[in-house]
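All remarks here apply to the structure that follows.
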Amino acid sequence: DGQGTPPRVVEGALHKAPANVAHTIYHVGSTRAGFMSCSPGSFVVAERATAECLFVNEGVFFLTNLDGSACRCSAGDTVVLPQGWAGFWDIIEPVRKVWVEVGAHT
């Protein structure tokens, strides 16, 4: 529609950008793997160029799709974000994750 993503207002949401530390420990061809820690906050993810599979070691966050549907994720969960996914991360408790990405890297 050419209008982009409308502003999102979520009552009680965290509005500051989280601080994060990410380390890539493997990068061969179109496959990368690493780990990340992230403090509470919120951020938008533009359409992903890669697919990501991640395991949540600790923390709590919500992933919200552009259609408004959301999923609560916490320690012990495995999450797959397909190539092309776009949406919002709302980090509630500090998160640590390990991840693998496959696809185009810029």
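Pairs are defined by a Cβ separation below 9 Å, a sequence spacing of at least 6 or placement on different chains, a first member in segment 20-42 that is of a type in the set (D, E, K, R), and a second member that is surrounded by 11 or more Cβ atoms within 10 Å (Cβ to Cβ); the pairs so defined are Arg32/Thr24; Arg32/Thr50; Arg32/Trp99; Arg32/Val100; Arg32/Glu101; Arg32/Val102; Arg32/His105.
When the criteria are applied in full, Glu47 fails the requirement of being open to solvent by 70 Å² or more (accessible area, probe 1.4 Å), in a strand (DSSP E or B), on the phi < 0 side of the Ramachandran plot and free of Cβ contacts under 8 Å to residues at least 40 places away in the same chain. When you scan segment 71-88, do you find a residue that is touching a strand residue (DSSP E or B) at 6+ places or on another chain (Cβ under 8 Å), open to solvent by 70 Å² or more (accessible area, probe 1.4 Å), farther than 22 Å from Ala49 by Cβ and part of a strand (DSSP E or B), even just one? Scanning segment 71-88 turns up at least one residue that is touching a strand residue (DSSP E or B) at 6+ places or on another chain (Cβ under 8 Å), open to solvent by 70 Å² or more (accessible area, probe 1.4 Å), farther than 22 Å from Ala49 by Cβ and part of a strand (DSSP E or B). Looking across segment 15-33, the residues that are surrounded by 13 or more Cβ atoms within 10 Å (Cβ to Cβ) and either of a type in the set (Lys, Arg) or touching a Phe, Trp or Tyr at 6+ places or on another chain (Cβ under 6 Å) (or both) come down to Arg32, Ala33.
For segment 34-44, taking the residues that are open to solvent by less than 60 Å² (accessible area, probe 1.4 Å) and assigned to a strand (DSSP E or B), the one that is farthest from Val102 (Cα to Cα) is identified as Gly41. If the condition is being closer than 22 Å to Tyr26 by Cα and acidic (Asp, Glu), then segment 40-55 contributes only Glu52. Scoring Thr64 on the criteria (1) open to solvent by less than 40 Å² (accessible area, probe 1.4 Å); (2) of a type in the set (S, T, N, Q); (3) farther than 19 Å from Ala86 by Cα leaves a single failure, condition (3).
The values are calculated or read from the model by the stated rules, or taken from the named source; none is laboratory data. Computed from a prediction, not measured in an experiment: that's the story for all the values here. Cβ: placed from backbone, ideal geometry, glycine included. Neighbour counts: every protein chain shown. Please note that ligands, DNA and RNA were not included when accessible areas were found on the heavy atoms of the full protein model with its side chains. Shrake-Rupley method; radii C 1.70, N 1.55, O 1.52, S 1.80 Å.
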